[in-house]
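Got a structure here, written out as structure tokens. Questions coming.
The values are calculated or read from the model by the stated rules, or taken from the named source; none is laboratory data. These numbers come from a predicted model, not from an experiment. Counting neighbours? That spans all protein chains shown, and the Cβs are built from the backbone with ideal geometry, glycine included.
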Amino acid sequence: MKVSSKFLLASIAIASFASCSRDRSYMKDQSESKSSSSAVTSQSESKPETIIFKATGDSLAISPALNNFRELLGSLNVVPGPAGGFNNGRREINWDGVPAMFTNNNSFPADFFGSFDPNLPAGRKRGLVYGTPGTGFSVSDNDFSFINLKYDEQFNDFSPKRTFSAAGSNITDNFFKVPGTNIDASVQGFGVVFSGVNNASSTSMEFYNGDRLLGSFKVPNGGNNIPGGFSFLGVYFPNEKVTRVRIYSGSAALSSTQDDLTDSGGEDLVVMDDFIYSEPQDLE
């Protein structure tokens, strides 16, 4: 995907504004030599160029960064597409179409949105498959209060009404397929809306090309005493292929015995809502 110089400059301004210097340590971590307000980083070979969008606050506060990340990726693709997939555009997952049988339990299939079964609807063919060292995945329409009643006050849904989490772990690995096929693929951009990020170091995303780490990026936090707020982080690599994105959502897994940091639980618990990523492309 080519990025015009005009849009690149606009992206710099937008991402810098969205950051509002709330996460200066993040930018320092990426490169000691660049300004904390810079959104585009020209790094060494081990730290490729990136375009970063991030924001924290209520739904209105994060929407500009989210929408401009969408604009950078391109138009929304809602069908699997021709053989080999689309050459551009983006995919989105907001969990709201997940049926009741996979809601409020730990049985959400890891390949629900990565299906290549011709008998399943197009909405199931978005080229994303998950992995976790935990016990599975969960989608909830009650802020995961089916796990712990206190979570109803800790989390919110960005696009009503379902949210997502790994089960038994705070780690989710995301792998890509050409939509509607079992062909391994890569993306250039990937972003997530999070709910409940209160600690500056608890939540992050790692981007890989094969086994090579392209970069690790902290998700902006809303503050230690603010339950239910939103955070958005989207990262785009103009000149790289991303084959896996590992998400660390909070410092611990959701549990009936684990309360959130804002409820004196000692751990920052985090759930996820919208996933936005560029059209997965065949690795070949």
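Among the residues of the stretch 266-275, is any touching a strand residue (DSSP E or B) at 6+ places or on another chain (Cβ under 7 Å), surrounded by fewer than 24 Cβ atoms within 10 Å (Cβ to Cβ), more than 22 Å from Asn148 (Cβ to Cβ) and touching a residue at least 24 places away in the same chain (Cβ under 8 Å)?
yes
In addition: One residue is enough: does the stretch 134-142 have a residue meeting the conditions under 16 Å from the mean Cα position of the chain (by Cα), surrounded by 19 or more Cβ atoms within 10 Å (Cβ to Cβ), modelled with pLDDT of 95 or more and of a type in the set (Gly, Ala, Ser)? Before you say what the answer is, go through the steps one by one.
Taking the stretch 134-142 as the starting set, the residues that turn out to be under 16 Å from the mean Cα position of the chain (by Cα) are 137-139.
Among the residues that remain, those that are also surrounded by 19 or more Cβ atoms within 10 Å (Cβ to Cβ) are: 137-139.
With the extra rule that they be modelled with pLDDT of 95 or more, the set shrinks to 137-139.
Narrowing the set further to residues that are of a type in the set (Gly, Ala, Ser) leaves 138.
Scanning the stretch 134-142, I find at least one residue that is under 16 Å from the mean Cα position of the chain (by Cα), surrounded by 19 or more Cβ atoms within 10 Å (Cβ to Cβ), modelled with pLDDT of 95 or more and of a type in the set (Gly, Ala, Ser), so the answer is yes.
Rundown of residues vs (1) among the small types (Gly, Ala, Ser); (2) surrounded by fewer than 19 Cβ atoms within 10 Å (Cβ to Cβ), yes/no style:
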{"position": "Leu76", "(1), (2)": "no, yes"}
{"position": "Ala83", "(1), (2)": "yes, yes"}
{"position": "Trp95", "(1), (2)": "no, no"}
{"position": "Met101", "(1), (2)": "no, yes"}
{"position": "Phe116", "(1), (2)": "no, yes"}
{"position": "Gly131", "(1), (2)": "yes, yes"}
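When you check Asp152 against the structure, is it more than 16 Å from the chain's Cα centre (by Cα), charged (D, E, K, R), surrounded by fewer than 17 Cβ atoms within 10 Å (Cβ to Cβ) and assigned to a helix (DSSP H, G or I), yes or no?
Working: more than 16 Å from the chain's Cα centre (by Cα): yes; charged (D, E, K, R): yes; surrounded by fewer than 17 Cβ atoms within 10 Å (Cβ to Cβ): yes; assigned to a helix (DSSP H, G or I): yes.
Criteria met by Asp152.
Here's something else I'd like to know. Out of everything in the stretch 242-265 that is of a type in the set (Val, Ile, Thr) and not in a loop (DSSP other than H, G, I, E, B), what residue ends up being modelled with the lowest pLDDT? Step through it out loud before you land on a result.
Residues of the stretch 242-265 that are of a type in the set (Val, Ile, Thr), as a first pass: 242-243, 245, 247, 257, 262.
Subsequent filtering for residues that are not in a loop (DSSP other than H, G, I, E, B) retains 242, 245, 247, 262.
Numbers: Val242: 98, Val245: 98, Ile247: 98, Thr262: 86.
Within the stretch 242-265, the match that is modelled with the lowest pLDDT is Thr262.
Would you confirm, using the coordinates I've provided, whether Gly168 is at pLDDT 95 or above and touching a helix residue (DSSP H, G or I) at 6+ places or on another chain (Cβ under 7 Å)?
Values: at pLDDT 95 or above: yes; touching a helix residue (DSSP H, G or I) at 6+ places or on another chain (Cβ under 7 Å): no.
Here the answer is no, as Gly168 does not meet what is asked.
So which residues in the stretch 209-229 are outside any loop (DSSP other than H, G, I, E, B) and either among the small types (Gly, Ala, Ser) or at pLDDT below 95 (or both), if there are any at all? Explain how you work it out, then say what you get.
Filtering the stretch 209-229 for residues outside any loop (DSSP other than H, G, I, E, B) gives 209, 212-218.
Passing the criteria: Gly215, Ser216.
Looking only at helices (runs of 4 or more DSSP H) that lie completely in the stretch 1-113, which have at least 3 residues being under 19 Å from Phe207 (Cα atoms), modelled with pLDDT of 55 or more and touching a Phe, Trp or Tyr at 6+ places or on another chain (Cβ under 9 Å)?
On the way: elements: 5-19, 24-30, 59-73.
Per the criteria, 59-73.
What is the residue count in the stretch 260-277 for residues that are hydroxyl-bearing (Ser, Thr, Tyr), out of contact with any Lys or Arg (no Cβ under 8 Å at 6 or more places or on another chain) and at negative phi?
Within the stretch 260-277, the first condition is being hydroxyl-bearing (Ser, Thr, Tyr), and the residues that meet it are 262, 264, 277.
From the residues that got through so far, the ones that are out of contact with any Lys or Arg (no Cβ under 8 Å at 6 or more places or on another chain) too are 262, 264.
If we keep only those that are at negative phi too, we end up with 262.
Residues in the stretch 260-277 being hydroxyl-bearing (Ser, Thr, Tyr), out of contact with any Lys or Arg (no Cβ under 8 Å at 6 or more places or on another chain) and at negative phi: 1 in total.
Filter the stretch 155-187 down to residues that are in a loop (DSSP other than H, G, I, E, B), buried (at least 23 other Cβ atoms within 10 Å of the Cβ) and touching an Asp or Glu at 6+ places or on another chain (Cβ under 8 Å), then give me how many there are.
Residues that pass the stated criteria total 4.
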